[in-house]
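K.L.:
Quick one: structure below, then a few questions.
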Amino acid sequence: MAQIIDGKALAAQVLERTAKDVADMIAGGGVAPGLAVILVGNDPASEVYVGRKIAQCRKAGILSLEHRLPADTPQADVLALIDQFNADPAVHGILVQLPLPKHINAALVLDRIDPAKDVDGFHPVNVGRLSTGTGGLVPCTPLGVMLLLDSVIDDYRGLNVVVIGKSNIVGKPVSMLLLEREATVTVTHIETRDLPDVARKADIIVAAAGAPHLVRGYWVKPGAVVIDVGINRVTDHDGKTRLIGDCATHELDHAKAVTPVPGGVGPMTIACLLSNTVLAAKRSSPDFQ
Ligand code: GUN
């Protein structure tokens, strides 16, 4: 029977540590870390994610400034709001929830965020820092994936990792983090040939394809660790919707460990957003060296 890695419990530990960090900063005469969250439009999934992020901020003592803008907000207004937050010393982190409406150029918006406040780690400066292993802010979901993996793996050196999906949010950054640990990383995607055969060679699979139950039991080598980043909303025969991952977890008894959906990667992403905000706030302090 595969071990189920409890993302909720691990996220609770990260949140507890983050809340303690915030309390220590304030007790030391500092200000509370501040996170500005910008949501443009009313994508239902984004609304849920943003609501969760803000609720967790409050619990941890992080000040959250929420800006919900209508779907037809001009791009120039979004850029002006980012300029305002870049200049505001009470704001240590800025998050623009993706996806943005089609008339807004997401790359331009992300480029406008001060890299020191880019708690999502999507700015090209932070992407470059990650790929050169020179600090910066690291995207939250990949950070969460690494913490989940660290709970079952001590030494990554030489392990074969297959990452499924090459997105800027998960696939590419998680590959960089695993390379830093000296794993042998294969990044696969929709055009990869013989994907089940490639996956079967993996000691670790990170599935971030956004394809419900793509990874079947026969794709997974006995004893492999499987991290399921997928969050797919599916409708059952009775009309009820539920969330399922990219992995057919019920076929993975022969794995060493797997993450559930929900309750695996999802809670870790939010916890890491909060820890990134505290990190950005600490680095902005004149005492930071
Ligand atoms: N949309 C889906 N995932 C993310 C994320 O990690 N950050 C932001 N800002 N938007 C997202």
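K.L.:
Hand me the list of helices (runs of 4 or more DSSP H) wholly inside the range 22-137 holding 2 or more residues that are under 26 Å from Asn232 (Cα atoms).
P.N.:
44-60, 106-112
K.L.:
In the range 85-123, which residues are surrounded by fewer than 16 Cβ atoms within 10 Å (Cβ to Cβ), touching a residue at least 40 places away in the same chain (Cβ under 8 Å) and farther than 22 Å from Lys282 by Cα?
P.N.:
Pro99
K.L.:
Moving to a separate point now. Can you name the number of the only condition in (1) in a loop (DSSP other than H, G, I, E, B); (2) within 16 Å of the ligand (Cβ to nearest atom); (3) in contact (Cβ under 8 Å) with a residue 40 or more places away in the chain that His254 fails?
P.N.:
(2)
K.L.:
Which condition number does Val187 fail, the rest of (1) farther than 20 Å from Gly266 by Cβ; (2) assigned to a loop (DSSP other than H, G, I, E, B) being met?
P.N.:
(2)
K.L.:
So, restricting to strands (runs of 3 or more DSSP E) that lie completely within the range 194-241, which ones have at least 3 residues that are under 14 Å from Pro262 (Cα atoms)?
P.N.:
Those strands (runs of 3 or more DSSP E) span 232-235.
K.L.:
Now for a different question. More than 21 Å from the chain's Cα centre (by Cα), of a type outside the set (A, V, I, L, M, F, W, C) and surrounded by fewer than 18 Cβ atoms within 10 Å (Cβ to Cβ) - does that describe any residue in the range 255-265?
P.N.:
No - not one qualifying residue is present in the range 255-265.
K.L.:
Moving on to the next point. Can you say whether Glu251 is surrounded by 15 or more Cβ atoms within 10 Å (Cβ to Cβ), farther than 30 Å from Gly34 by Cβ and of a type in the set (Asp, Glu), as far as the supplied structure shows?
P.N.:
Yes, satisfied.
K.L.:
Here's something else I'd like to know. What residue, among those in the range 184-208 that are aliphatic (A, V, I, L, M) and under 20 Å from the mean Cα position of the chain (by Cα), is farthest from Ile169 (Cα to Cα)?
P.N.:
Ile204
K.L.:
Go through Val138, Val145, Val119, Val91 for me and flag whichever is at pLDDT 95 or above, closer than 25 Å to Thr192 by Cα and either within 16 Å of the ligand (Cβ to nearest atom) or over 19 Å from the mean Cα position of the chain (by Cα) (or both).
P.N.:
Residue meeting the stated conditions: Val145.
K.L.:
The conditions are (1) more than 18 Å from the chain's Cα centre (by Cα); (2) buried (at least 19 other Cβ atoms within 10 Å of the Cβ), and Ile164 fails exactly one of them. Which is it?
P.N.:
Only one criterion is unmet by Ile164, namely (1).
The values are calculated or read from the model by the stated rules, or taken from the named source; none is laboratory data. Small disclaimer: the values here were computed from a predicted structure and weren't measured. Cβ sites come from the backbone with ideal geometry, for glycine too, and all protein chains shown count toward neighbours.
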